[in-house]
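Readers should treat all values here as calculations from the given coordinates under stated rules, not as data from a laboratory. These numbers come from a predicted model, not from an experiment. Every residue, glycine as well, gets a Cβ built from its backbone with ideal geometry; the counts of neighbours run over all protein chains shown.
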Amino acid sequence: MTMLQQNYQSVLVQIAAAEKAAERHAGSIHLIAVSKTFPASDIREVYAAGQRDFGENYIQEWYAKTEELADLPGLVWHIIGQVQSNKTKFVAERAHWVHTIDKLKTAERLSAQRPEHMPPLNACIEVNVSGEAAKHGVPPQDAVALALAVSKLPNLKVRGLMCVAEADADEDELGRQFLLMQDLLKQLQAAGLEADVLSMGMSADMPLAVACGATHVRIGSAIFGKRNYA
């Protein structure tokens with residue numbers, strides 16, 4: 001077993017422990033292995049250990065990886081970075097999930113460019129739950145309205161919500177942000193949407209996110225190691 005595969009197995013153990021501590025059903029948390037900045041060869045290693053869902057931020061880098069890894073069956077690509085208008089076609093044609101919808105215009109482009117032979121693109125509304133000016137996402141009070149508008153598009157399926165919690169917040173504040181997301185998901189459901197996904201929690205705050213209702217956690221450095229953005 002390689003070091004990456006050992007890291008991956010360790011993360012699975014941590015997720016199982018978080019599920020048990022939160023009295024969640026075993027296997028209820030879906031792991032998205034965040035592979036941004038890491039080579040396709042690293043994805044192959046983690047894929048060989050059993051992982052199928054991978055998250056990417058940078059569209060051009062990710063698109064090259066889809067070419068390199070086209071031989072791997074069952075790979076599920078999650079776009080967890082912003083999608084610029086000139087990159088929507090790539091995402092529409094090759095991604096399975098996009099977690100970062102915060103503008104109706106972006107969603108409309110993705111729907112229009114989604115090939116007819118493909119199933120609807122799974123979409124999450126990104127919520128700026130911390131209110132930080134530098135972060136993307138809609139304000140919490142606008143999330144339901146945007147989700148309802150996106151749900152009317154023919155080639156997207158609103159699955160739920162995504163957030164990036166405040167990095168330096170203490171546990172009480174993180175819990176407040178995650179529980180707000182849980183409440184927003186209930187509001188989506190009350191509005192008639194078949195939404196069941198809360199994409200939240202990363203390497204540092206995953207156990208708390210699971211305790212607060214996360215269904216999908218996005219783990220990168222704990223699997224692949226420290227990133228070099230140079």
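Table for the structure above
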quantity: Region 52-101: mean projected area of Cα convex hull, nm²; calculated: 3.1
quantity: Stretch gain in nm, segment Q82-A48, where the contour uses 0.36 nm per residue and the Cα spacing is subtracted; calculated: 9.4 nm
quantity: Cross-link pairs beyond the 28 Å C-alpha cut-off, checked among K87/K186; K20/K186; K89/K135; K103/K226; K157/K186; calculated: K87/K186; K103/K226
quantity: Neighbour net charge for Q113 - beta-carbon separation under 12 angstrom, K R +1, D E -1; calculated: +2
quantity: Within straight-line cross-link reach of K65, aspartates and glutamates at Cα separation under 20 Å, skipping those fewer than 8 residues along the same chain; calculated: D42, E45, D53, E56, E93
quantity: Surface/4 estimate of mean projected area, convex hull on alpha-carbon atoms of region 31-77, nm²; calculated: 2.8
quantity: J(HN,Hα) series, region 102-109, from Karplus relation 6.51 cos²θ - 1.76 cosθ + 1.60, nearest Hz, glycine and proline x; calculated: 9, 9, 5, 4, 4, 4, 5, 5
quantity: Region 1-69-region 173-230 distance, computed between alpha-carbon centres (Å); calculated: 15
quantity: Phi-based couplings in Hz for region 145-155 (Karplus 6.51, -1.76, 1.60; Gly and Pro marked x); calculated: 4, 5, 4, 5, 5, 5, 5, 7, 6, x, 10
quantity: Histogram of C-alpha separations across the chain, 10 Å bin width, %; calculated: 8, 33, 38, 19, 1
quantity: Longest DSSP-loop-exposure-free segment, chymotrypsin sites (Phe, Trp or Tyr not before Pro), the chain, at most 15 other Cβ within 10 Å; calculated: 59-228
